[in-house]
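First the structure, in the form of structure tokens, and then the observations on it.
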Number of protein chains: 2
Amino acid sequence: MDLIQSQTDFNENKKDPIQSVGQISHLALDIGGSLIKVVYLSRSSGNSADHEEETPDSSNGTLGVPNCDGKHPIFEGKIHFAKFETSNINDCLDFINSKKLHLGGFQHHDDLIKEKNFIKATGGGAYKFTDLFKEKLGISLDKEDEMDCLVTGANFLLKAFDREAYTYINSEKEFVQIDHNDLYPYLLVNIGSGVSMIKVDGDGKFERVSGTNVGGGTFWGLGRLLTKCKSFDELLELSHKGNNRVIDMLVGDIYGGTDYLKIGLTSTAIASSFGKAISDNKELEDYNPEDIARSLLRMISNNIGQISYLNALRFGLKRIFFGGFFIRGHAYTMDTISVAVNFWSKGEAKAMFLNHEGFLGALGAFVSYTKHNLDTT
Amino acid sequence: MDLIQSQTDFNENKKDPIQSVGQISHLALDIGGSLIKVVYLSRSSGNSADHEEETPDSSNGTLGVPNCDGKHPIFEGKIHFAKFETSNINDCLDFINSKKLHLGGFQHHDDLIKEKNFIKATGGGAYKFTDLFKEKLGISLDKEDEMDCLVTGANFLLKAFDREAYTYINSEKEFVQIDHNDLYPYLLVNIGSGVSMIKVDGDGKFERVSGTNVGGGTFWGLGRLLTKCKSFDELLELSHKGNNRVIDMLVGDIYGGTDYLKIGLTSTAIASSFGKAISDNKELEDYNPEDIARSLLRMISNNIGQISYLNALRFGLKRIFFGGFFIRGHAYTMDTISVAVNFWSKGEAKAMFLNHEGFLGALGAFVSYTKHNLDTT
């Protein structure tokens, strides 16, 4: 698997050498409640030229595509990744326009369809912003189902790349070799603003079995109100330095320092997230934002881990892949999710993470170009 | 079933006519992370004298005890209920002392035990405050297991009283007749500061199968920080007037007003609790405390309902009884939990509530007096 670091956000993207229009194709978008994820292909350089082992922030950058068993010859080249905040959608439109990415989409040969220029898009924003894309860029959004794209994107990554899925236990990242003949079934948990849980049985064979509205949007929304942080990454960074025991009510706080081992709870287990705020006689500003961010991250990660496990259990699934932009390769998030899955399943189920976690939907929309009879030049 | 309104908190309790020591017995305590629940028996008046159909706040008051199929003759009289905040434990000690409740406990006949005066107590505080009770009141706490007490209390209520369990659907309270021969198995969900989920198979036959640290302490702790409310009840009252759509990100907010019916989500379903705070460019003080309280209550109630359902499903349990002081007979809380259980189970499982929801543990400790060879005078 080949990963090459390049652009991370719009400003950095500007530094990236402009590709000529003919070299860029297959622009695909996943427009979520918080973030727009952008994926496109460039053919400007060969695959083998600038390989690197891994990027420090693999949520952005480029990905050299192997030939995928010859199935996807149109994907020869490099896949580029970028993201924007949905609330700053104009930055995304400017980015696409400045790089002429929208001209590398595809044209329908179907005469029944009047509009000629389409790009693949998924997520709720593909519906919400249809008119805006038409007006600003003169393109139509060819909508792909969100769950379909998440599954297609995850299957694509898991099959095409060796070093994509990994476990994260005790701060140790370990890549997992996926046997392509033994990939299904698995539970896919995509943590965006909200959380979707999808039982995947094969290519295009899946069911959204559950979800929770306590997701990345809750972490960032509540975190913003509680800490006055300016960005999601700043909130994650804060949580890194915090101590959840300051504000969480632990079993030991209730039991006077002792465990409640009869039901498997040690004195340091959290009995009630934010429960110490009940009796502390402190105001919000008396707490360190770091400690609040930590408690919040732990509460939400643990909750997602628990609900995921309970759904995996329903269907006898041993492997849970976590994706979505909430994770961002953040150590404490992954540790908490891994511990939750391990704790509740008594070691039976395993949490795994994906290097390109945030781009499942966008990659699914990208791959969906191959479903059509396309002009790929 | 006979319910008689009397004391609600310490100040009101003072107005209650003092019972003479000999008429009071079986003081039992459940000392949790947030609240101390107090139960005791008085024999000062007969059962039939002052019956009322129902109290507006059934979480406090007294309960006339029927003869329970002759099994518990020592419980003839009225059971009194009171509660105190654990952080104000001295109020509770003063209350017990002023009414001499601790002298109506029991004395062990076992010569091996040196200390003569015991009262039954459960919850973590029974461990944490052992020394305080000894020092201030000269009594020892005879500790009963917390889960054991919750189950014993629930079984006692469900068997002894006809109008105890009810469903709450579309704001309609409907009492459920429990067939004593068809009570088990059921899932007991006790929502205190944290949440315990217990599979109950019979008297003393149970297993704590799950729980969550997102409970009443989280609602009250986070709510206090976000709204500056002074009490749990004030926060509940606020939530009554709020609108969660102001701050929650709905499916329609992402999809431009349309549903995502393919996966069963209408445009008004919550995609991400507190998700609108991401992009609103508002500070905490720009939101109405009412709306924040509403979103928080809905997030936590829905989450508890979902995890409860998933655990009921694991074990094929159709009935879920919700107890604990979080609920307080609050309409929106019960509506949200009922809707969550109904939504996730597709109507298969049923949420039920208990009139004396907050006192399960204390009642269990109370009933545990009958396990011993007691001097009940």
Contact order relative to length for segment B:150-237, counting C-alpha pairs under 8 Å separated by 6 or more residues, stands in percent at 19
One quarter of the C-alpha convex hull surface, i.e. the mean projected area of segment A:322-365 in nm², amounts to 3.2
Taking the axis of the rotation relating chain A to chain B, the A residue whose Cβ comes closest, together with that distance in whole Å, is A:Leu310, 2
Counting sequence-distant residues (5 or more places) and residues on other chains, those with an amide H built under 5 Å from that of A:Thr122 are A:Leu29, A:Asp30, A:Ile31, A:Glu144
Straight-line reach check, A:Lys134, cutoff 22 Å on alpha carbons, 8 or more apart in-chain or any other chain, hits among lysines -> A:Lys37, A:Lys83, A:Lys99, A:Lys100, A:Lys114, A:Lys116, A:Lys120, A:Lys143
Distances in nm between the label point of B:Gly264 (7 Å along Cα→Cβ) and its equivalents in the other copies, shortest first, are 2.7
The convex hull of the Cα atoms of segment B:157-212, divided by residue count, gives a volume in Å³ per residue of 110
at A:Asn181 the sorted inter-copy label distances (label 7 Å from Cα on Cβ side), in nanometres, are 5.7
Here segment B:226-235 yields Karplus 3J(HN,Hα) values (6.51, -1.76, 1.60; θ = phi - 60°; whole Hz; Gly and Pro given as x) of 7, 10, 6, 4, 9, 8, 4, 5, 5, 5
Segment B:302-374 and segment B:126-153 have their Cα centres apart by a whole-number Å value of 24
Expressed in angstrom, Rg and Dmax over the Cα atoms of segment B:96-241 are 19.3, 59
When B:Arg294, B:Arg319 are ranked with the fewest other C-beta atoms within 10 Å first, the list becomes B:Arg319, B:Arg294
Long-range amide H partners of B:Ile169, meaning residues 5 or more apart or on another chain whose placed amide H is closer than 5 Å, are B:Glu174
With one decimal in nm and the nearest listed first, the spacings from A:Lys205 to its own position in the other copies, using label points 7 Å along Cα-to-Cβ, are 4.0
The long-range amide H neighbours of A:Gly323, using H built 1.01 Å from N in the peptide plane and a cut-off of under 5 Å, are A:Val189, A:Asn190, A:Ile191
Over all viewing directions the Cα convex hull of segment A:304-377 casts an average projected area in nm² of 6.3
HN-Hα couplings for segment B:269-276 via Karplus (6.51, -1.76, 1.60; θ = phi - 60°), in whole Hz with x for Gly/Pro, come out as 5, 7, 7, 8, 4, 6, x, 5
Mean shadow area (nm²) of the C-alpha convex hull around segment A:176-283 is 10.8
Per principal axis, largest first, the Cα atoms of segment A:281-330 extend in Å by 46, 25, 11
Under 25 Å between C-alpha atoms, the lysine pairs in segment B:234-377 lying 8 or more places apart or on different chains count 6
The Rg/Rh figure for segment A:254-377, Cα atoms and Kirkwood Rh, to two decimals is 1.13
In Å, the Kirkwood hydrodynamic radius from C-alpha pairs for segment A:224-282 sits at 12.9
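Since every read-out is calculated from the coordinates, none of them should be taken as a lab result. These numbers were taken from a predicted model, which means no experiment stands behind them. Please note: Cβ atoms are built from the backbone with ideal geometry, for glycine as well, and neighbour counts cover all protein chains shown.
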